[in-house]
Every structure is written in C-alpha cells, then in structure tokens.
Amino acid sequence: MSFTGKYELQFQENFEPFMKALGLPDDQIQKGKDIKSISEIVQDGKKFKITVTTGSKVLHNEFIIGEECEMEMLTGEKVKAVVQMEGNNRLVANLKGLKSVTELNGDTITNTMTMGDLTYKRISKRI
C-alpha cells in the first residue's frame with residue numbers, strides 16, 4: 001500500500017493540551033487549532049518525504065524506513081529518530097519521549113501521537 005498522496009486534516013482531538021505539553025506558545029496554539037493542514041507524502045519504496053503545511057508553517061521531514069534520520073518536531077526542534085514500518089500501512093517513530101503512529105486505511109490517514117498519558121489524534125483524508 002502506498003502512502004503517496006495529499007491529505008487534508010478533517011478532525012483532530014486533544015490538540016490544545018498536547019501542544020501545551022510540547023511547549024508551544026499559546027498564540028501559536030490558538031492560530032493552529034482551526035487551520036486545516038495539508039500533508040503531502042511521497043513514498044519511493046522505503047524512502048519517504050513528508051511535507052505538512054499549516055497556514056504559513058511548513059514542516060518537512062525525509063526518512064528511510066529502519067535508518068536513523070533527523071526529524072523536525074512541531075516545536076522546530078530537530079531530533080534523531082528511526083521510523084519503522086509495521087505491516088504495509090503503519091509507520092511508527094519514537095522522538096524524544098513522543099511516540100508517533102501513522103496508519104493508512106484506504107483514503108484516510110490517522111496519526112496518533114502519545115507523550116506520557118496524553119494522546120493527540122489527527123485524521124486526514126486523501127484529496
């Protein structure tokens with residue numbers, strides 16, 4: 001199953017408490033909570049390029065499954081991580097105390113981020 005495509009955010013839950021826990025300033029959280037972000041994924045075998053555009057903020061990450069890479073977090077901080085593939089439709093990464101699971105089902109991508117007992121979920125549809 002290929003992740004390649006453009007996806008528009010449809011729904012998110014626990015955005016504000018999760019972003020506060022990450023240390024994002026309140027004004028950024030307020031700006032970001034109502035913006036429909038667009039995620040663009042290009043998959044070439046085990047190589048991925050992911051670009052998430054939220055208003056004027058663009059987050060760009062590239063990685064190869066199973067290899068250490070540098071990833072930019074929502075705070076702008078760069079951290080080392082290894083992304084693993086589970087089955088043919090799940091990407092799992094651990095970034096500095098944060099677990100990210102991205103699952104593709106048909107035209108829907110669900111990204112769940114967990115930090116301690118706090119979970120943030122984003123659901124996006126292919127456009």
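The values are calculated or read from the model by the stated rules, or taken from the named source; none is laboratory data. Since the model is a prediction, treat every value here as computed from it, not as a measurement. Cβ atoms come from the backbone with ideal geometry, glycine included; neighbour counts cover every protein chain shown. Each accessible area value is taken on the protein alone, full model and side chains, heavy atoms only, with ligands, DNA and RNA left out. Shrake-Rupley method; radii C 1.70, N 1.55, O 1.52, S 1.80 Å.
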Next on the checklist: Being among the basic types (Lys, Arg), open to solvent by 30 Å² or more (accessible area, probe 1.4 Å) and assigned to a strand (DSSP E or B) is true for just one of Lys80, Lys20. Which residue is that?
Outcome noted: Lys80
Item to check | Matching residues in the range 104-127 - criterion: being touching a strand residue (DSSP E or B) at 6+ places or on another chain (Cβ under 7 Å) and within 22 Å of Val79 (Cα to Cα) | outcome: Asn111, Thr112, Met113, Thr114, Met115, Thr119, Tyr120, Lys121, Arg122
Checklist entry - What are the residues in the range 83-98 that are in contact (Cβ under 8 Å) with a residue 24 or more places away in the chain and either loosely packed, with under 14 Cβ neighbours inside 10 Å or over 20 Å from Thr54 (Cβ atoms) (or both), if any? => result Val83, Met85, Asn88, Asn89
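Conditions (1) over 24 Å from Ile127 (Cβ atoms); (2) in contact (Cβ under 8 Å) with a residue 40 or more places away in the chain; (3) outside any loop (DSSP other than H, G, I, E, B); (4) open to solvent by 70 Å² or more (accessible area, probe 1.4 Å), marked per residue:
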position	(1), (2), (3), (4)
Phe11	no, yes, yes, yes
Lys31	no, no, yes, yes
Val52	no, no, yes, no
Asn61	no, no, yes, no
Gly76	yes, no, no, no
Ser100	no, no, yes, no
Thr112	no, no, yes, no
Checklist entry - Hey, among Val58, Val52, Val42, which residue is β-branched (Val, Ile, Thr) and either in contact with a Lys or Arg (Cβ under 7 Å, 6 or more places away or on another chain) or at pLDDT 95 or above (or both)? => result Val42
Next on the checklist: If a residue must be of a type in the set (A, V, I, L, M) and in contact with a helix residue (DSSP H, G or I) (Cβ under 9 Å, 6 or more places away or on another chain), how many such residues does the range 91-127 contain?
Outcome noted: 4
Checklist entry - Ile35: modelled with pLDDT under 95 and in contact with an Asp or Glu (Cβ under 7 Å, 6 or more places away or on another chain), yes or no? => result no
Checklist entry - Going by the structure shown, is Phe3 open to solvent by less than 70 Å² (accessible area, probe 1.4 Å) and assigned to a strand (DSSP E or B)? => result no
Item to check | Residue that is nearest to Ile109 (Cα to Cα) [pool: residues in the range 63-74 that are open to solvent by less than 30 Å² (accessible area, probe 1.4 Å), at pLDDT 95 or above and not β-branched (Val, Ile, Thr)] | outcome: Phe63
